[in-house]
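To start, the structure under review is shown below, and the notes come after it.
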Amino acid sequence: MLTAAACGGSSGFRPDGGGGSGGAGGGAGNRLTGTLPTTINRNVDVLFMIDDSSEMRLAQTNLINNFPTFMTTLQSAPQGLPNLHLAVVSQDMGAGDGSISGCDALGGKKGIFQYTPRGTCAATHLQAGATYISNIAGAANYTGDIADVFACIAALGEAGCGFEHQFAAILRALGADNQGAAPAENQGFLRPEAYLVIVMLTNEDDCSAAPGVPLYDTRSNTNIASQLGPPANFRCNEFGHTCPTGVSEDIIRTVPHPDRNAPNHDVTQAITYEGCTSDDTEGYLLGVKYTADQIKALKTDPSMVSVVSLSGPPTPYTVRWMNPSAADSSCGAASCPWPVIGHSCNANDGSFADPGVRDIQLANEFGTNSLPLSICDASFAPALQRIGLLVNTLVQPPCIPGPIGLDPATGGPDCKITMTSGGSTKTLPACADDGGVPPCWQLVQGNCNGNGFALQVSPDPNLPASAAATISYSCGTCVAGMPDPARGCP
């Protein structure tokens, strides 16, 4: 059967209580009406942005080991696996002039999809020339199990740049950074009509510097009194976050921020901040909203984009201090402690994560199409199941809210369904009433969380497959507190 999408935005309640599956029903219910197309878009492009900096091996293993849960969830949808594109990109975009260990000055991995076999894999089983996984209506560009193929390209290791560029890598991979088209290896992945799902797996927050900002300088910024502070990751926090209780003793800033200076130069101190968000005012890093807007602009309908953040929770947000990595008396003390951000979560396997303030804020820019999840979970299976269910929700028809009353004349759902094509409109019978001869309709329990139904309409064999058609529905709903036994309304 061809499933018609019940677009919630075009439906509404009409308090007339009339009409049934043949237009003859009645009762106390309101009418829920709407118009919808006869085809469902089942194309989904999934991009996994995987952090490959230090201390990420265990998280990558967790992802790979539980990836089958994601695929099983997709395959369990009523219509099976969607038409899938799946790619992997590293966060490594380099940093600075090459003097930072692990960070080159040439753009790192440049947002290019990672598709070569790693670890114990002799081959990815991708077809020659393939740079991402594709399975369209069962036609795959790989051999073997898709989870094994993913495992071969997702184990990126821990040698990537430690100044993470999650935002910049995603934008470059998709050609959404105003720097020209996506890399040649990435061409063909992003389909204009497909839903886009971005999954970020990272144990640190984004530190994508805005163009022209020398945030990673290690020549003139070498100690606590330098404009950018010591050459360490805390720069990403100080210049990437704003915290309501932040103070600054050495730099005049337009927003409060986590302070690099230890109280009384005491290395044993710790300060906890509340309500930290991305510093999108001063422009040191790519703004969260800017990044979200660039991604949304890839689609004519921004609701076709979903973003998932598997990262550290934003709280607790605690700044601690350590002895400087190089002799530093620039603060006026014999030794000036250097700041470090405390972990916001710790996993049972010994891995950890720092506050993912910007990562989570980016996901939240996509509203109900977002999932902020923890990278410190012992198993990613529940998280990957939730991501799979999110994808299934995108490609399944939206629900007609229930409960739907019964038509006393037929005993079936109190709905009138019409099909319009080429200027002609006809009323369709319920499949239960005409023996399932198409075109007909039925209500099925879809991804409605037990509250509503998906409308399935079989195609009209007298219409060409390319013919444009729309479906209109009018269904009588039960009203709480207004029992109507004849219509099955308690």
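The values are calculated or read from the model by the stated rules, or taken from the named source; none is laboratory data. This one's a predicted model, so the numbers in the text were calculated from it and none came from an experiment. Neighbour counts are summed over all protein chains in view; Cβ atoms, including those assigned to glycine, are modelled from backbone coordinates with ideal geometry. Note: accessible area is taken over every heavy atom of the protein model, side chains too, but ligands, DNA and RNA are not part of it. Shrake-Rupley method; radii C 1.70, N 1.55, O 1.52, S 1.80 Å.
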Item checked: Residue list for segment 378-415, filter: under 11 Å from residue 487 (Cβ atoms), open to solvent by 50 Å² or more (accessible area, probe 1.4 Å) and touching a strand residue (DSSP E or B) at 6+ places or on another chain (Cβ under 8 Å) -> 403, 406
Note to self: Given the criteria part of a helix (DSSP H, G or I) and either loosely packed, with under 15 Cβ neighbours inside 10 Å or at positive phi (or both), does residue 72 qualify?
What the structure shows: yes
Item checked: Residue check for residue 334: open to solvent by 20 Å² or more (accessible area, probe 1.4 Å) and hydrophobic (A, V, I, L, M, F, W, C) -> yes
Note to self: Can you find, within segment 101-119, the residue that is farthest from the chain's Cα centre (by Cα) among those that are in contact (Cβ under 8 Å) with a residue 40 or more places away in the chain and open to solvent by 80 Å² or more (accessible area, probe 1.4 Å)?
What the structure shows: 101
Checklist line | Subset tally (residues that are under 19 Å from the mean Cα position of the chain (by Cα), over 18 Å from residue 365 (Cα atoms) and open to solvent by 10 Å² or more (accessible area, probe 1.4 Å)) for segment 187-206 | finding: 5
Notebook entry, point to check: Would you say residue 122 is open to solvent by 20 Å² or more (accessible area, probe 1.4 Å) and modelled with pLDDT of 95 or more?
Noted result: no
Checklist line | Index of the failed condition, residue 98 passing every other in (1) surrounded by fewer than 19 Cβ atoms within 10 Å (Cβ to Cβ); (2) assigned to a loop (DSSP other than H, G, I, E, B); (3) in contact (Cβ under 8 Å) with a residue 60 or more places away in the chain | finding: (3)
Next item on the list: Give the residues of segment 68-85 that are without any contact (Cβ under 8 Å) to a residue 60 or more places away in the chain and of a type in the set (A, V, I, L, M), sorted by residue number.
Entry: 81, 84
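This table checks each residue for (1) farther than 25 Å from residue 208 by Cβ; (2) not hydroxyl-bearing (Ser, Thr, Tyr).
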position	(1), (2)
256	no, yes
262	yes, yes
305	no, yes
309	no, no
342	no, yes
356	no, yes
Notebook entry, point to check: If the Cβ limit is 6 Å and pairs must be 6+ apart or interchain, which residue in segment 345-361 that is without any contact (Cβ under 8 Å) to a residue 40 or more places away in the chain pairs with which residue that is open to solvent by 50 Å² or more (accessible area, probe 1.4 Å) and among the hydrophobic types (A, V, I, L, M, F, W, C)?
Noted result: 346/352; 348/378
Next item on the list: Could you look through segment 263-299, keep only residues that are closer than 18 Å to residue 316 by Cα and among the hydrophobic types (A, V, I, L, M, F, W, C), and pick out the one that is surrounded by the fewest Cβ atoms within 10 Å (Cβ to Cβ)?
Entry: 270
